[in-house]
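To start, the structure under review is shown below, and the notes come after it.
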Amino acid sequence: LDDNGVPVYGNGAKSRRLGLEVDAGATVRRGISVDAAFSLARNTFLRYREHDWEGGAAVYDGNRVAGFPDVMGSVAAHADVGAARVTLALRHVGRFYLDNTQSASRVNPAWTTVDAAAKVPLPARVLGGLGPGQWSLDLRVHNLLDHRYTTFGYVDGGVPLFIPAAGRNVYAGLSLGW
């Protein structure tokens, strides 16, 4: 780990990465569309030894590679409401190990969140014709249901430490397109 507790990554002697990724999008009808993505993975060490200062070695052969969930997915529905574009999205990340020991006490639990967003074009008179293009107001609410979860963690001195995700949070911004 570095001074901030983030793992310093190195190469395992030999690993296998197997997976499948699928994404799709469809227009349900004019002004309504759906996008989805799904990832299924199995990342394991075929041969990996970690040597300690006393000359011993931990053997991680067959263990999962830390930090990589087996399952990730998302689905988003988009709708045009007047001139605005509204989106409701669901994201899921499966559980994953914090280190290569594959210990049940060192697992970041799976999590699922719901996000909402809207992009609303602003009439030219609102910003007094500022700039050559179309201004839009972007509004986003991340973690709409205020789910408490952790997105990452690490092990320090044998103790798992988790980094909490933000609770419900709101973002507002202006964008200029031309």
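The values are calculated or read from the model by the stated rules, or taken from the named source; none is laboratory data. Computed from a predicted structure; not experimentally measured. A quick note on method: Cβ atoms are made from the backbone with ideal geometry, for glycine too, and the neighbour counts reach across all protein chains shown. Each accessible area value is taken on the protein alone, full model and side chains, heavy atoms only, with ligands, DNA and RNA left out. Shrake-Rupley method; radii C 1.70, N 1.55, O 1.52, S 1.80 Å.
Brief remarks on what is shown
- Residues in region 81-102 that are of a type in the set (S, T, N, Q) and under 30 Å from Asp138 (Cβ atoms): Thr87 only.
- Subset of region 35-48 [part of a strand (DSSP E or B) and open to solvent by less than 50 Å² (accessible area, probe 1.4 Å)]: Ala36, Ala37, Ser39, Ala41, Asn43, Thr44, Phe45
- Of all positions in region 60-79, none carries a residue that is among the aliphatic types (A, V, I, L, M), in a strand (DSSP E or B) and under 16 Å from Ser175 (Cα atoms).
- Residue that is nearest to Asn63 (Cα to Cα), among those in region 108-122 that are surrounded by fewer than 18 Cβ atoms within 10 Å (Cβ to Cβ) and of a type in the set (Val, Ile, Thr): Thr112
- When the residues of region 87-107 are filtered to those that are of a type in the set (A, V, I, L, M) and open to solvent by 60 Å² or more (accessible area, probe 1.4 Å), the one that is modelled with the lowest pLDDT is Ala104.
- Check on Arg140, assigned to a loop (DSSP other than H, G, I, E, B), charged (D, E, K, R) and without any contact (Cβ under 8 Å) to a residue 40 or more places away in the chain: no
- When Ala84 is tested against (1) over 18 Å from the mean Cα position of the chain (by Cα); (2) modelled with pLDDT under 95, exactly one condition is not met: (2).
- Those residues of region 143-178 which are open to solvent by 40 Å² or more (accessible area, probe 1.4 Å), out of contact with any Ser or Thr (no Cβ under 9 Å at 6 or more places or on another chain), in a strand (DSSP E or B) and in contact (Cβ under 8 Å) with a residue 40 or more places away in the chain, in sequence order: Thr151, Phe152, Tyr154, Asp156, Leu161
- Scanning region 16-33 for residues that are free of Cβ contacts under 8 Å to residues at least 12 places away in the same chain, hydrophobic (A, V, I, L, M, F, W, C) and exposed (fewer than 11 other Cβ atoms within 10 Å of the Cβ) turns up just one, Ala26.
- Selection status of Phe68, under 25 Å from Phe152 (Cβ atoms) and out of contact with any Asp or Glu (no Cβ under 9 Å at 6 or more places or on another chain): yes
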